[in-house]
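The values are calculated or read from the model by the stated rules, or taken from the named source; none is laboratory data. As the structure is a computational prediction, the values presented were derived from the model and not from experiment. A quick note on method: Cβ atoms are made from the backbone with ideal geometry, for glycine too, and the neighbour counts reach across all protein chains shown. Surface areas here come from the heavy atoms of the whole protein model, side chains and all, with no ligands, DNA or RNA. Shrake-Rupley method; radii C 1.70, N 1.55, O 1.52, S 1.80 Å.
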Amino acid sequence: MNRLSGKTAIVTGGAVGIGRACVERMAQEGAKVAIFDVLAAEGEALASDLAAQGHTVAFWRVDVTNETEMKAAIEAAVGQFGGLHVMVNNAGISGSPKPTDQVTEAEWDQVQAVNVKGVMFGTKHAIPHLRAAGSGSIINLSSIAGLIGVGNLAAYHASKGAVRLMSKNDAVTYAPEQIRVNSIHPGYIWTPMVENHLRTTSPDLEAAKAAAGSVHPIGHMGEPDDIAWAVVWLASDEAKFVTGAEIAIDGGYTAR
Ligand code: NAD
């Protein structure tokens, strides 16, 4: 409780999945939380549920690929909550699974727009407010796909590799201003993204879920809270000496 009291956080892609768990855990730890997402119904419902429980949470409809929307929403959240301390660049899409020689330019560009440009816009427009606060934490969702090859998901791998090194570059750039930047690399986490992916690649969802879980040495998939607790830690002053780190939370997937 109260590990994040006095802090304001923004979570992009915060309406469902990993982002939703980050919103819930950070709010429960005392942060004021702004949810940015294109899913307005889900985002509004989450904000009002958490507000009804006594937390300070609000939703903004933001497409992270649109710089004007991102800048305006960050300024609105800062205006409403009185500052910014934590930016979680979580919004992401997987793209269609297919080998590189089948990927269209439009498919490639869409994945880079959300997963790479979205992180850049979030970082760019959060920095002035983190600087004004005197310190800050930027947490970028990469993936095991930003560390190793899994196969048949070229645009996603390229995007998550980019996020890994954007995080390290920004960690070095902003460390003198006490703004920390770290990347998280989840294995398979049971969210709408993974469920949709498995539905399109297998006729038997339960069998596909078990198979996807079994590739992790720990024997099963993770859950959104497995990531959210790391986000709470990185957002908190407990992690004040942690920057430029790449944190794999993958049930041992990349330990081999
Ligand atoms: P999800 O699809 O379940 O949720 C993603 C959220 O991002 C949704 O609410 C969606 O509406 C939002 N979003 C998508 N495009 C957006 C846009 N242009 N603007 C604003 N919001 C947008 O995904 P998830 O599984 O919760 O993944 C969250 C992050 O974690 C992603 O960056 C993903 O690549 C990464 N990740 C997930 C897994 C996994 O197994 N679930 C593994 C590794 C990395």
>> I'd like the full set of residues that are open to solvent by 70 Å² or more (accessible area, probe 1.4 Å), within 14 Å of the ligand (Cβ to nearest atom) and of a type outside the set (D, E, K, R), limited to segment 194-217.
In response: N196, T200, T201
>> Looking at segment 168-188, can you tell me whether even one residue there is under 14 Å from the mean Cα position of the chain (by Cα), among the aliphatic types (A, V, I, L, M) and within 15 Å of the ligand (Cβ to nearest atom)?
In response: yes
>> Quick check on my filter: what residues within segment 201-224 are in contact (Cβ under 8 Å) with a residue 40 or more places away in the chain and either under 17 Å from V150 (Cα atoms) or more than 23 Å from the chain's Cα centre (by Cα) (or both)?
In response: T201
> If we keep just the residues of segment 22-48 that are acidic (D, E) and either touching a Cys at 6+ places or on another chain (Cβ under 7 Å) or within 23 Å of A235 (Cα to Cα) (or both), which is nearest to the ligand (Cβ to nearest atom)?
Replying inline: D37
>> If G19 meets every condition in (1) in contact with a helix residue (DSSP H, G or I) (Cβ under 8 Å, 6 or more places away or on another chain); (2) within 16 Å of the ligand (Cβ to nearest atom); (3) on the phi < 0 side of the Ramachandran plot apart from one, which number is that one?
In response: (1)
>> Give me the residue from segment 1-53 that is under 17 Å from F81 (Cβ atoms) and of a type in the set (V, I, T) and, out of that set, surrounded by the fewest Cβ atoms within 10 Å (Cβ to Cβ).
In response: T8
>> Step by step: first the residues of segment 64-77, then only those that are open to solvent by 50 Å² or more (accessible area, probe 1.4 Å) and of a type outside the set (S, T, N, Q), then the one that is nearest to the ligand (Cβ to nearest atom). Which residue is that?
In response: E69
>> Would you confirm, using the coordinates I've provided, whether I93 is within 13 Å of the chain's Cα centre (by Cα) and open to solvent by 30 Å² or more (accessible area, probe 1.4 Å)?
In response: yes
